[in-house]
Amino acid sequence: PHTTYSSPNEASLWSYIFFSPEDLFQQSFKSAYSNFEPNLWAIKGTNCILNKEEHPKVYTLATSAVEELKQKNPYYQESAYGLLLSLYIELLRIHSRNEPLVDQETEHSLKGDFVISPVLEYITKNYMMPITIDFLADLCHLSTTHFRRKFHEIMGSAPLDFLNSTRIEEACKQLKSTDDSILSISEQV
């Protein structure tokens with residue numbers, strides 16, 4: 001698990017769990033269902049913000065997995081594995097029911113939130129490039145001040161903090177999947 005604290009005088013704490021379901025659960029699914037290939041990549045790019053009131057099971061599984069990984073009690077790895085597997089299956093169920101990940105009322109209130117989607121897409125594809133706030137604001141056709149305020153309102157973090165989190169996430173993936181040195185990976189991201 002990774003934790004990000006917000007800016008000074010901000011009351012928020014974010015916890016992240018980085019894992020590759022395909023790698024982590026490959027054996028579990030292969031042994032149970034020979035032709036079953038679960039894949040959440042299909043929903044990448046859709047709005048994946050889940051409200052804990054509407055999806056209490058997802059919330060409980062995610063927070064329980066974070067707590068297991070933080071506390072490190074005996075057998076915590078096995079417990080975290082089971083919780084993450086259950087979380088993954090629940091996300092697959094939500095997606096396979098073609099259930100929108102946000103309800104109609106929430107979706108209507110989020111319409112204005114899509115103003116930053118060009119920035120999220122750009123950061124996802126170009127995180128390794130030098131990026132300025134002014135450039136990101138221009139992508140959304142907003143003033144820099146309004147862009148910063150809107151981005152923080154929607155994402156809960158500053159744009160450059162989000163960029164740095166994206167870079168860290170990619171570095172974590174590369175550290176896990178390649179033999180490149182830390183220095184090399186840091187230069188790539």
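Filter segment 137-189 down to the residues that are open to solvent by less than 50 Å² (accessible area, probe 1.4 Å) and among the charged types (D, E, K, R) and list them by number. Correct list: Lys150, Glu170. Against the definition (aromatic (Phe, Trp, Tyr) and at pLDDT 90 or above), how does Tyr16 come out, yes or no? It is false that Tyr16 is aromatic (Phe, Trp, Tyr) and at pLDDT 90 or above.
When every residue of segment 49-71 is checked against the conditions, none turns out to be modelled with pLDDT under 65, open to solvent by 70 Å² or more (accessible area, probe 1.4 Å) and assigned to a helix (DSSP H, G or I). Annotation note: Cβ proximity below 8 Å between a residue of segment 45-73 that is closer than 17 Å to Ile89 by Cβ and a residue that is among the basic types (Lys, Arg) and modelled with pLDDT under 90 (sequence gap 6+ or interchain) occurs for Val58/Lys52; Tyr59/Lys52. On inspection, His152 does not qualify as modelled with pLDDT of 85 or more and assigned to a loop (DSSP other than H, G, I, E, B). When segment 124-138 is filtered for residues that are at pLDDT 90 or above and in a helix (DSSP H, G or I), the ones remaining, listed by number, are Asn126, Ile133, Asp134, Phe135, Leu136, Ala137, Asp138.
The values are calculated or read from the model by the stated rules, or taken from the named source; none is laboratory data. Here the structure is a predicted model, which means the values were calculated and not measured. As a convention, Cβ positions derive from the backbone with ideal geometry for all residues, glycine included, and neighbour counts pool all protein chains shown. Each accessible area value is taken on the protein alone, full model and side chains, heavy atoms only, with ligands, DNA and RNA left out. Shrake-Rupley method; radii C 1.70, N 1.55, O 1.52, S 1.80 Å.
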